[in-house]
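Everything below concerns the one structure shown next.
The values are calculated or read from the model by the stated rules, or taken from the named source; none is laboratory data. These numbers come from a predicted model, not from an experiment. With ligands, DNA and RNA removed, areas are computed over all heavy atoms of the protein, side chains included. Shrake-Rupley method; radii C 1.70, N 1.55, O 1.52, S 1.80 Å.
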Amino acid sequence: MSGKTIEATAETFGSLVEKADHPVIVDFYADWCGPCKMLAPILTKTVAENPKVTLVKINVDDHQAIASKYQIASLPSVFAFNNGKVVDSFIGMRSKPAVSEFVKKHAELAK
């Protein structure tokens, strides 16, 4: 298990997310995205408080193939993966309590 925040690349995304043995929250973001910058510290802190999940960040400008695979059309887009599959998501900025509830819900799926 983790509680860590990891920046993924095209080479590491599969092993970090699609083959993970625990729930993973993926933050699809871009450096130019204002709401992404506001959401990032909330996600990082919330995941650190829930060590049964890992936060994987993927810059959509640097990894357009991954963004395309998951049909990312708006930022920030946050997906929850369990057993390599997308099980939940939200798009746009959320309040800290809403982010916390989202992360906790998926941390509870951990084996």
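Things worth noting here:
- Summary value for the chain: 37 percent relative contact order, contacts being C-alpha pairs under 8 angstrom separated by 6+ residues.
- Intensity falloff of the chain expressed as log10 I(q)/I(0), Debye formula with alpha-carbon point scatterers, at q = 0.15 Å⁻¹: -0.54
- In order along segment 37-44, the phi-based Karplus estimate (6.51 cos²θ - 1.76 cosθ + 1.60, θ = phi - 60°) of 3J(HN,Hα) comes to 5, 6, 6, 3, x, 5, 4, 4 Hz; Gly and Pro are listed as x.
- Carbon/sulfur fraction of accessible area - the chain, other protein chains in place, 1.4 Å, %: 55 percent
- Phi-derived couplings, Karplus 6.51 cos²θ - 1.76 cosθ + 1.60 at θ = phi - 60°, listed residue by residue for segment 99-108: 5, 4, 5, 4, 5, 4, 4, 7, 4, 5 Hz, with x used for Gly and Pro.
- Secondary-structure-derived ellipticity at 222 nm for the chain, considering helices only, amounts to -9000 deg cm²/dmol, per-run term -39500 (n - 2.57) for DSSP H runs with n ≥ 4.
- In Å², nearest 10: area of ASP31 left accessible to a 1.4 Å probe: 100 Å²
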